[in-house]
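**Q** Dumping the structure here so I can ask a few things about it.
The values are calculated or read from the model by the stated rules, or taken from the named source; none is laboratory data. These figures come from a predicted structure and were not determined experimentally. Please note: Cβ atoms are built from the backbone with ideal geometry, for glycine as well, and neighbour counts cover all protein chains shown. Keep in mind that these areas ignore ligands, DNA and RNA; they rest on the heavy atoms of the full protein, side chains included. Shrake-Rupley method; radii C 1.70, N 1.55, O 1.52, S 1.80 Å.
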Amino acid sequence: MSILNYNQIAFLKSANGKTGLPNDSGAEVAFGGRSNAGKSSALNKITGIHRLARTSKTPGRTQLINFFQLADPEKRLVDLPGYGYAKVPDSIKKHWQTIVSQYLTERKSLKGLILLMDIRHPLKPQDWQMIEWSVAHQLPTHILLTKADKLGKGAARNTLLMLKKELLGYEEFISAQLFSVLSGEGIVQVQEKLDEWLL
């Protein structure tokens, strides 16, 4: 069971660049991934607060860096804009890339990255870019294979095993698990990972 109480959390602020970020103190964990991988839904499920992060059937809805503060004001969860959605104008894509890159590179309070991937489409080229970036910057990263309920249990386990095989050699910084918002699979496991990074 997790030590921190994740349902005692509230929206803190949104940032559209370096100037809008909260004070760089304490500890925070960012949630990243392709558009429509289920970042906002995962945040809502992990915290048990249905409308904490705004969800949408339209990929690319999260266009700002959104900060959520736990009961301890020095502990935060962060929802990053998704990547890889073709219908977003290039100018917006470049802006997202700039603010996310600056955040990931310069944020001293960032203790880890939860990287979400749809279990049916894992390890796309931009996912690999994130993994390689994390390893290069020694940022601990935990992969959630989301929508695990879309596959049978055997197929989901096999996908996780294949992903871990692909990531051999990265184990010092990268870990992975199955996750489903619908079934609740993997919630305790990811909460324990958040504890590890935030405490």
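**Q** Do you know which of the residues in the range 172-189 that are in a loop (DSSP other than H, G, I, E, B), open to solvent by 60 Å² or more (accessible area, probe 1.4 Å) and not aliphatic (A, V, I, L, M) is farthest from His121 (Cα to Cα)?
**A** Just the residues of the range 172-189 that are in a loop (DSSP other than H, G, I, E, B), to begin with: 172-173, 179-186.
From what is left, the residues that are open to solvent by 60 Å² or more (accessible area, probe 1.4 Å) are 172, 182-183, 185.
So of that shortlist, the ones also not aliphatic (A, V, I, L, M) come out as 172, 183, 185.
On the way: Glu172: 24, Ser183: 19, Glu185: 19 Å.
So the residue we want is Glu172.
**Q** Here is a check on your reading of the model: is Leu145 among the hydrophobic types (A, V, I, L, M, F, W, C) and under 18 Å from Val78 (Cβ atoms)?
**A** The answer is no for Leu145.
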